[in-house]
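Visitor: Quick one: structure below, then a few questions.
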Amino acid sequence: MKLGVLALAAAAVCAGADLTVLPGHVRVDPFGQITAADRGAGVAPARSMVVESARAAHVSCRLVVTSAAAAAYTLSVSGGVEAELFREWFHFLPKSKAYIVDALIPVALPAAAQLPAADNKVAGQTAQSYWLDLWVPANARAGAEKVTVVLEAGGQKSAVTVEVRVLDARVPDKDAVVMDHNAYGTSWFGGQYPGLAKKPGFYLSDDFFGLIHAYHRVYYEHRGVFHQLGYGHGGKVGEEFAPRLEGAGKNRHVADWTYYDKHYGPLFDGSAFAKTRRGAQPIPYVYTPINPEWPASYLWWGEPGYEREFVNVVGEMEAHFRAKGWTKTKLELFFNHKKRYKAFEWDGDETRFPKDFERFREYQRLMKAAMPAGSPVEWVYRTDASWQMERQFKELAGVINFWVCGGGMFGWYLEEGLERKKQGDTVWIYGGTPPVARPSSHVTKELLETWMLGVDGFVRWLTVAPGADPWFQFQGGGETLVYPGERFGISGPLASVRLKLERNALEDLALLETYSASKGAAALRAEVARRYNGTEVKDWHAPRPRLADGDPSEWTNADIGEAMPKDARFDEKLDAGAWARVRAYVMELAKEGRR
């Protein structure tokens, strides 16, 4: 929406309300105090703020309304920059008995607001914070734009100003690293959207597929990628993730593409994103339903019938994608099962035993048999590697071309991993999501680590599971960056503060990468490491331990944990202002105009 007036109209008002502004990386609690984890940033609430921004980028800040007594109020925002306003939800953390913000609720206009916020149910609440996103479009003119935010309460006004100094530099569309956000199936829809799920015929309806697309869209809008695996450890595939098959052996074939096309068509042609700022673009990667049990029955493994079923259906998939023009998305052959799950007798995911490598080679042979020469449909062969990573790099080179590697362990074999990238393979690392109780800068650590190591992307292994009650009994958010919006009348996910911070950092990093040619990639990395947490580039990966010279099949998880170096600069000493210092460096380069 255009930054005109964001009116939060109220029925009754009372004097004594006040308004201040904070940078986006500093959170407050419902009593107006800076969250303990963010106090090391060294900033305080203010009446004004000056920020610098490149074009095609977001500038974000936090508005804080305070009132010692119950108050109803209005907020208005004026200026020449596009804006979006979100109310921040205070999540209660039972373990610490503290409140912390993360979920962002879009402010509908016109809307009413008051303190305390009735739905958040915080006893004695005296402060309400808002996230303000300011968008500087690609065609913006360089210069200063003044944004004024006015609070009205009890017939009195309080105002803050945010001066946005727009630079000539432009954030490129392409990211320096891919930030991937993983999920499994759709069974969790029922628990997170009970009202929607109770509608007759919800499953496989337009609303159902619309919800899937909404999850892709929220990550896309925040410069991320969303991966949703459609089969279980035993190989069962959901109807929404695969075309319906019929027949057996030489008669095995695709009988119906309806649900598959409804799900993936808008993602493969980009139309699911047509109304976003980034525009319609196909998703870059997608899991396919292929696993040991689909499209061929594993009962026939090792027999000619298995190969016939596999080749028939995968060949039909290739022809379907080619006919539809779906050639911009990398289709992943990926196995997510482990032997210990007792469905299949070999490890597809995080392979632990070298004897299982032969299965990967056999599936490569099957894929080659199914694919016509010169097809424009792009398949990649992905594996998620940990225990046998080093040996896989050597023995499966030329078989696997998409490596997703355990982040900490990857440092042990950094040279081998970078060699795979040099040979044209895609190399990502994977790990978790920092919980909300960590300083806000922690959500930027993984994307910076990816860039420091010189690899292509990072996978957050689960990012849609906020827990049974994130609103009043929150367990920390370590498995989510979004929240279900149904509580607020929204049939889709809500972004979080952490997702916004991740997006802003991705924008900064994309711009920073453009200065590699003029300043030198090594010099950029050295300066960024120093500013971020006082480290050197070499500190960003674990050196090879003695453990790595042993037999990985005999390791335990405890062994691996003990082999990882402990560096407080990446943990308890990482302060909330870490990325702000990196951003300041990026803006310095932008003003110098180095390209």
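Visitor: With the requirement that a residue be within 22 Å of the chain's Cα centre (by Cα) and of a type in the set (A, V, I, L, M, F, W, C), what does the stretch 242-272 give you?
Guide: Matches in the stretch 242-272: L267, F268, A272.
Visitor: Could you look through the stretch 269-285, keep only residues that are out of contact with any helix residue (DSSP H, G or I) (no Cβ under 7 Å at 6 or more places or on another chain) and farther than 19 Å from M179 by Cα, and pick out the one that is surrounded by the most Cβ atoms within 10 Å (Cβ to Cβ)?
Guide: The qualifying residue surrounded by the most Cβ atoms within 10 Å (Cβ to Cβ) is D269.
Visitor: Return the total of residues in the stretch 262-299 being outside any loop (DSSP other than H, G, I, E, B), farther than 19 Å from V380 by Cα and in contact (Cβ under 8 Å) with a residue 40 or more places away in the chain.
Guide: Final tally of qualifying residues: 7.
Visitor: When you check E527 against the structure, is it within 25 Å of S60 (Cβ to Cβ) and more than 22 Å from the chain's Cα centre (by Cα), yes or no?
Guide: Details: within 25 Å of S60 (Cβ to Cβ): yes; more than 22 Å from the chain's Cα centre (by Cα): yes.
Considered against the rule, which asks whether it is within 25 Å of S60 (Cβ to Cβ) and more than 22 Å from the chain's Cα centre (by Cα), E527 comes out as yes.
Visitor: Taking the conditions exactly as written (crowded, with 22+ Cβ neighbours inside 10 Å and in the same structural domain as G348 (by TED's automatic domain parsing)), does Q392 satisfy them or not?
Guide: yes
Visitor: Between a residue in the stretch 368-383 that is hydroxyl-bearing (S, T, Y) and any residue that is modelled with pLDDT of 95 or more and in a helix (DSSP H, G or I), which pairs come within a Cβ distance under 6 Å, given they are 6 or more apart or on different chains?
Guide: Pairs found: S375/E318.
Visitor: Turning to a different aspect of this structure: Please verify whether A37 is of a type in the set (A, V, I, L, M, F, W, C) and out of contact with any strand residue (DSSP E or B) (no Cβ under 9 Å at 6 or more places or on another chain), treating the condition exactly as stated.
Guide: Working: of a type in the set (A, V, I, L, M, F, W, C): yes; out of contact with any strand residue (DSSP E or B) (no Cβ under 9 Å at 6 or more places or on another chain): no.
For A37, the condition - of a type in the set (A, V, I, L, M, F, W, C) and out of contact with any strand residue (DSSP E or B) (no Cβ under 9 Å at 6 or more places or on another chain) - is not met.
Visitor: Follow-up question, since we're still on this one. Of all the residues that make up the stretch 362-379, how many are hydrophobic (A, V, I, L, M, F, W, C) and over 31 Å from the mean Cα position of the chain (by Cα)? Reasoning before the result, please.
Guide: Residues of the stretch 362-379 that are hydrophobic (A, V, I, L, M, F, W, C), as a first pass: 366-367, 369-371, 373, 377, 379.
With over 31 Å from the mean Cα position of the chain (by Cα) added as a condition, the list becomes 366, 369-371, 373.
Result for the stretch 362-379: 5.
Visitor: Are any residues in the stretch 455-473 over 16 Å from Q228 (Cβ atoms) and within 20 Å of the chain's Cα centre (by Cα), and if so, which ones?
Guide: V455, D456, G457, F458, P466, G467, P470
Visitor: Out of G432, G478, G408, I need the residue that is at pLDDT below 95 and either within 23 Å of M564 (Cβ to Cβ) or among the basic types (K, R) (or both). Which one?
Guide: Details: G432 fails: at pLDDT below 95; G478 fails: at pLDDT below 95.
Going through G432, G478, G408 in turn, the sole match is G408.
Visitor: Going through the stretch 231-251 one residue at a time, which ones are assigned to a loop (DSSP other than H, G, I, E, B) and in contact with a Pro (Cβ under 7 Å, 6 or more places away or on another chain)?
Guide: Start the filter on the stretch 231-251 by keeping residues that are assigned to a loop (DSSP other than H, G, I, E, B), which leaves 232-236, 238, 242-243, 247-248.
Scanning the stretch 231-251 gives G235, A242.
Visitor: Which members of the stretch 439-458 meet the condition of being in contact with an Asp or Glu (Cβ under 8 Å, 6 or more places away or on another chain) and β-branched (V, I, T)?
Guide: V443, T444, T450
Visitor: Is one or more of the residues making up the stretch 121-142 charged (D, E, K, R), over 30 Å from G477 (Cβ atoms) and in contact (Cβ under 8 Å) with a residue 60 or more places away in the chain?
Guide: Start the filter on the stretch 121-142 by keeping residues that are charged (D, E, K, R), which leaves 121, 133, 141.
Subset that is over 30 Å from G477 (Cβ atoms): 141.
Next, only the ones that are in contact (Cβ under 8 Å) with a residue 60 or more places away in the chain stay: none.
Checking the stretch 121-142: not a single residue is charged (D, E, K, R), over 30 Å from G477 (Cβ atoms) and in contact (Cβ under 8 Å) with a residue 60 or more places away in the chain.
Visitor: Would you check if V537 is within 21 Å of D175 (Cβ to Cβ), touching a strand residue (DSSP E or B) at 6+ places or on another chain (Cβ under 9 Å) and of a type in the set (V, I, T)?
Guide: Spelling it out, it is not the case that V537 is within 21 Å of D175 (Cβ to Cβ), touching a strand residue (DSSP E or B) at 6+ places or on another chain (Cβ under 9 Å) and of a type in the set (V, I, T).
Visitor: Taking only pairs six or more apart or across chains, which ones have beta-carbon atoms under 7 Å, a first residue in the stretch 325-341 that is more than 26 Å from G234 (Cβ to Cβ), and a second residue that is of a type in the set (F, W, Y) and assigned to a helix (DSSP H, G or I)?
Guide: W326/F268; T327/F321; T329/F268
The values are calculated or read from the model by the stated rules, or taken from the named source; none is laboratory data. Predicted model only: the values in this text are computed from it and were never measured. Reconstructed Cβ throughout: ideal geometry from the backbone, glycine too, with neighbour counts over all protein chains shown.
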